[in-house]
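The block underneath contains the structure these notes are about, expressed in structure tokens.
The values are calculated or read from the model by the stated rules, or taken from the named source; none is laboratory data. As the structure is a computational prediction, the values presented were derived from the model and not from experiment. All Cβ positions, even for glycine, are placed from backbone atoms using ideal geometry, and neighbour counts span all protein chains on display. Surface accessibility is based on the protein's heavy atoms, side chains included, excluding ligands, DNA and RNA. Shrake-Rupley method; radii C 1.70, N 1.55, O 1.52, S 1.80 Å.
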Amino acid sequence: MATGIFMPKLSMTMETGTILQWFKKEGDLVEEGDLLLEVMTDKINIEVEAYATGTLLKIYDDVNAIVPVQKIIGYIGEQGEQVPDTPPEIEREETPADASKASEENEAKKEASTSGEETNKVRATPAARRLSREYGVALYEMKGRGTNGRIHAEDVEAYVKSVQERMVTPLAKKIASNTGVQLNSIQGSGANGKITKQDVLQAPPNCLQAAMNSSVANNTKAVELSRVKLGGMRKVISERMTRSVTTAPHVTLVTEADMSNAIKLRKSLLSVIESQTGYRLSYTEIVIKAAAIALRQHPQMNASVEGDYIIYKQEVNTGLAVSVPNGLMVPVVKHADQKGLATLTAECKELGRLARAGKLLPDQTQGGSFTISNLGMYDIDAFTPIINQPEIAILGVGRITEKAVGIHGELKLRPQMTLSLSFDHRIVDGAPAAEFLQSIKRSLEEPYQLLV
């Protein structure tokens, strides 16, 4: 019997995965343990191995497809064995979200029952019906890729795109793309309503056309625009950041730490740690250690929110925001409060390397209780970081710069670092958050206690 290949669920928050590449093609022989495909989750890229031996009989989802977790994306079995033409529906327990979706579908069915006879016979998702109304196209003219021919929103968009492409000349299409003219707003004057170059040039002016005309009048090259669909990691970041700022009332506290002693400590340990680990100690590791100690001293900050519950963590696991191509990843340093600066240096550097290479393992991105984002290397003085939910706080770190500071009645130049603590005011009040930030500041100004 053929074995289904499932989109794996690699974290509690993972809902979909994007297929980056298939290492095998239909008809290839596969052995258990062979690399089958590479998947991008909301946090990492991971290679998926085969857990059966046989022939790759079917691939349902191509590269760049965004697939729900637990969906069957292919089959492995014996040569010639029959498998379904379309993947089976995902079977799972109903959740409140599912109940809401079912209710929406029932409403859509009721709405469909009042429309024409042909529409009644069409199986389509609520989103597909909404799009068909917006575009003014008939569902019965389309072919759905879902189970039993059910039409999805992607089918409607593909249909509209194909119609537009058939009803516009190549030159008109190119001019419209360069000038930002919406083809679906133009009535074509060509044969059977086909849109021509003249139709695009005579379309009602908008700001993009005006910019083009002005550019041409000045004998300069017209601006070419591109449109990139929000997807993959960028889409996940967008959704999470929006959810964070809209559900958690952010309050940001800002203070400055005198880094004079921290600079001396780093200089004294540079050669020692580099000889032990092969990596250079940075201020990031010093800040991580200071924050980890403060989290141990202020356990109310070492927490996360799950529904109506506050989960106070026993372990101090510190996330480190790492910039990667087209996104941001947060690998987690486990038990940061129990590790010395040499261990932290080696671990942080290795996690950063794996993050930028897209090779982090699921366990290396899970279990965080607090996040640190350091933009000091970009000459940023201060910023207001957004909480990495479900955590309740995040620390933003700015650059070290010399400032005039009053000391015993005299102005002296001191290397100051700005620290910005954003916290969820539903869970933590201002005073305990300020005490926590004060503890980090104290550790950075008296850093030799970090070695104890």
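Things to note:
- Surrounding net charge for P447, when Lys and Arg each add one and Asp and Glu each subtract one, Cβ distance under 12 Å: +2
- When only alpha carbons are used to place a centre, region 323-361 and region 226-244 end up 23 Å from one another.
- In the context of the full set of protein chains, region 337-402 has a per residue accessible area of 42 Å² (1.4 Å probe).
- When region 331-387 is described by a simple charge dipole with +1 on each Lys and Arg Cβ and -1 on each Asp and Glu Cβ, the residue from L360, A336, I387 located farthest towards its positive end is L360.
- K25 accessible area, assembled protein chains, probe 1.4 Å, Å²: 130
- Solvent exposure ordering (accessible area, 1.4 Å, most first) of D424, D258, D381: D381, D258, D424
- Computed E for V228/F23 - FRET, C-beta separation, R0 25 angstrom, nearest 0.05: 0.40
- Residues F436, F383, F6, sorted by accessible area with the largest first, give F6, F383, F436 [1.4 Å probe; ligands and nucleic acids excluded].
- Label positions at M377 and L361, each projected 7 Å from the Cα along the C-beta direction, are separated by 2.5 nm.
- Under Karplus coefficients 6.51, -1.76 and 1.60, residue-wise ³J(HN,Hα) of region 67-80 in Hz, glycine/proline x: 10, x, 5, 6, 6, 6, 10, x, 9, 10, x, 7, 3, x
- Phi-based couplings in Hz for region 392-399 (Karplus 6.51, -1.76, 1.60; Gly and Pro marked x): 10, 7, 8, 10, x, 10, x, 6
- Using 0.36 nm per residue and subtracting the Cα-Cα separation, the extra length available between R150 and Y312 on full extension is 53.8 nm.
- Multiplying the residue separation of K143 and L171 by 0.36 nm and subtracting their alpha-carbon distance yields 7.2 nm.
- What a 1.4 Å probe finds exposed on region 275-331 is 49% carbon and sulfur by accessible area, rounded to a whole percent.
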